[in-house]
Each structure stands twice: as C-alpha cells, then as structure tokens.
Amino acid sequence: MIPQLKSIKPRTVRKVRIICLNVDVISLEESIRKVMDWGMTYTPSYICFANVHMLVEAHRNLAFRRQVNNASLVLPDGKPIAKSCYWMYGKLQERKAGMDYMPHILEAANRSGASVFLYGSTEKVLQKLVDRIHYEFPQINICGHISPPFREMTTQEQDAHIRQINFSGANLVLVSLGCPKQEKWMADHSERINATLLGLGGAFPVFAGMRSRAPEWMQHSGLEWLYRLIQEPGRMFKRYLYTNIYFIFLLAGKMINR
C-alpha cells in the first residue's frame, strides 16, 4: 500500500547547487502536489531525477547541463546527490528515486482521475505496465502508450508522437528512455506538450515486474548501483567505475573549496 500523502500548503521551492546541477530542496509531498497541479492544468513542464550518472554527464556537457537545470523540478534520485545537499549546505533532503516516485505519482493520479500516457521502453514492458496500473489504480485513464524505436527518429516521427500525446488529453506523461536520452527528449519537446513529463528511467520494467529491485538495506545504504552492477556487469561496470570515481573527485574539490 502507498501511504496517504499529506495535504500541505505550497511554498517557494529552494534550489541548491550540487557541483553543476540545481537540485530542488523539497519534500516528497510538496513535489507530488506541484506535479499534479501542473499536470491537471495541462501546464507544459518536465521533471528530472538526478543521480551520479546524470550529474557527471551534465558536468561534461554544457548543453545537457542546461537542459536538466531548465527542468521544472530536479529531484535527487541517487543517495549521493541527496546526501550532498547536507554535506554542502546542511539541508536534510530525502532521496526521491524514480522507482519510488512512480507509485506515489500513480496514487495521486488515481485520486484525481488523471489521464496518464506512457512513453518509452518496449511493447512487452508497456503491456505489463498497463495491466498492473489498471489493476492497482483503476481510476487512472491510461490514454495511450508509445514504444519509440531505439534508432534516431525523424522529425516527422517526433511530430507524430507529440500530436498523439496532445490529442490523448494526457495530464502526465511517464517517460522511460534512459539517461541522458529521456532528459534531452523532455527538454526538446516539453514546450510543445500540454502535460507534465516525468523522466523515470528504469522504473518501467521494475514496476511491471520484469526486473527486480535492490533489497531495502542496499537502497538505504546508497548501494543500489552495486545491485544493478551485479545484475548487468558487462553494461554497468565501466559506467559505474568511471562516474562514481569522477563524482567523488568533483565533490571533494567542491568541499575543499567551500
């Protein structure tokens, strides 16, 4: 069961600079409220969930950094990002992993009777995802889903997808293209889509029951990356070895300068 979110009054969102990303200091409840407010009023907006991989990509690529920092919200997906808010600014900030955020936003959408569009992953994952959402959140209207090709799409294909999303009347678009592809896609197309886009990365296959999640003790200890490394050593070894070491180097430099 997803715990009932508290009704709270909105306040100004504060941001803190974690190396190169402007991360929002905000509670889970308030972030859910903002996302739903934007979605139910068809306000073009997009949400990024920042982890170490995204931060390192943003540090190396100025254009990508701007795309992430222009998001309506940048939430700390990774434990190191959340902890850095405290280490650098004394701000206690809870982790908001996309995998945890997805059931919370679906619960809020269910209470509001919102329309949800699914974009990304494979047809097999999407079908299982639709089945689970229909079962657990019956008040949600799944107004459409698209599994885009893995190759680079033409402008005509992109335009067709945007027309389909807008025509569906979606309030929320859950996006699963992987980092940094999904953040670039959201930044490039957000102003043309009358909905709130959420870049949830690997949450789709996990929520669909096609991939297992790390045990809770690993999640709370910031070791979820190790679990994924064990699952996919060939694909993840170079990425984690490089990004984790590079992040520690960058963070140490910022801490010394401060």
Worksheet item: Does residue 64 fit the bill of being assigned by TED's automatic domain parsing to the domain that holds residue 42, aromatic (Phe, Trp, Tyr) and touching a Gly at 6+ places or on another chain (Cβ under 6 Å)?
Response: no
Worksheet item: Are any residues in the range 156-179 within 13 Å of the chain's Cα centre (by Cα) and either of a type in the set (Val, Ile, Thr) or buried (at least 19 other Cβ atoms within 10 Å of the Cβ) (or both), and if so, which ones?
Response: 172, 173, 174, 175, 176, 177, 179
Worksheet item: Does any residue of the range 97-111 turn out to be closer than 30 Å to residue 255 by Cβ, in the same structural domain as residue 38 (by TED's automatic domain parsing) and outside any helix (DSSP H, G or I)?
Response: yes
Item to complete: Could you grab me the full set of residues in the range 168-196 that are under 20 Å from residue 127 (Cα atoms) and part of a strand (DSSP E or B)?
Response: 172, 173, 174, 175, 176
Worksheet item: So how many residues does the range 23-65 have that are among the polar types (S, T, N, Q) and surrounded by fewer than 19 Cβ atoms within 10 Å (Cβ to Cβ)?
Response: 4
Practice prompt. Kindly list the number of the only condition in (1) modelled with pLDDT of 75 or more; (2) of a type in the set (A, V, I, L, M); (3) not assigned by TED's automatic domain parsing to the domain that holds residue 38 that fails for residue 241.
Written response: (1)
Discussion item. Testing residue 83 on (1) at pLDDT below 95; (2) under 11 Å from the mean Cα position of the chain (by Cα), one condition comes back false. Which one is that?
Written reply: (2)
Response to the item:
Per the filter on the range 119-169, residues free of Cβ contacts under 8 Å to residues at least 60 places away in the same chain, under 23 Å from residue 194 (Cα atoms) and among the polar types (S, T, N, Q) are 139, 141, 147, 154, 155, 156, 158, 164, 166, 168
Worksheet entry | Filtered residues of the range 112-163 (kept if in contact with a Gly (Cβ under 6 Å, 6 or more places away or on another chain) and assigned to a loop (DSSP other than H, G, I, E, B)) | 139
Fill in: Output for the range 121-134, where each listed residue is under 15 Å from residue 109 (Cβ atoms) and more than 21 Å from the chain's Cα centre (by Cα)
134
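The values are calculated or read from the model by the stated rules, or taken from the named source; none is laboratory data. Keep in mind that this is a model prediction, so the values were computed, not measured. Backbone-built Cβ (ideal geometry, glycine too); neighbour counts: all protein chains shown.
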